[in-house]
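Worksheet: one structure, shown below.
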Amino acid sequence: MKRIFFAISFICLSLLSIAQQATKQEFVLEISRDTILLGNYFEVRFTAVNIKGEFEAPAFSEFELIGGPNQSSTMSIVNGVSSQKVSYSYFLKPKDAGTFYIEPAYLLNKDEQYETAPREILCLPNPEGIVQESRITDQRQSFDFGEFPFLQKPDPIKPKKKLKVTKI
């Protein structure tokens, strides 16, 4: 009986260590929009998933730096598998109309060097002064409580109308 318990424990621990090693690594660039009207700004976010290292931002020479660098990090452990994510974000405003490029950013650690792909930004004239949304929208899926009626919010209680009482 003890042999079976130790064999099952060994197999579970082996599978757990393999699952932890199979985490994906990526270093990506996200932008809130690739076409922008002059006078507006946009968000640029560099995100490293499961990679530790020293971040080197590109020179934003064609842009005015409105805000940043802003850094955020998250770490999660789900079913024994850990993952971490670090993001660096900037808010940039083009100095003039034209086509510009966000140069690659680099993430350096002792083993490897990661880099993002360059991205093209098109800035158009804006004679009407239109203001555009500048943030990256989060693409997380929302959970629909429709499948679980016991989790739905109850309908609000409507106040009862007072009856008018007339005395005879």
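Each value in this text was obtained by applying a stated rule to the coordinates, not by laboratory testing. What you see is a predicted model, and the numbers here were worked out from it, not measured in a lab. Note that we place each Cβ from the backbone using ideal geometry, even for glycine, and neighbour counts take in every protein chain shown.
Structure above, values below:
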| read-out | value |
| --- | --- |
| Cα pair count fraction exceeding 21 Å, expressed as % - segment 21-128 | 41 |
| Count of lysine pairs in segment 21-128 with Cα separation under 21 Å (8 or more residues apart, or interchain) | 6 |
| Spin-label model distance (nm) - Val28 vs Phe60, 7 Å beyond Cα toward Cβ | 2.1 |
| Packing-based order for 34-46, 64-76, 114-126, using average beta carbon neighbours within 10 Å, highest first | 34-46, 114-126, 64-76 |
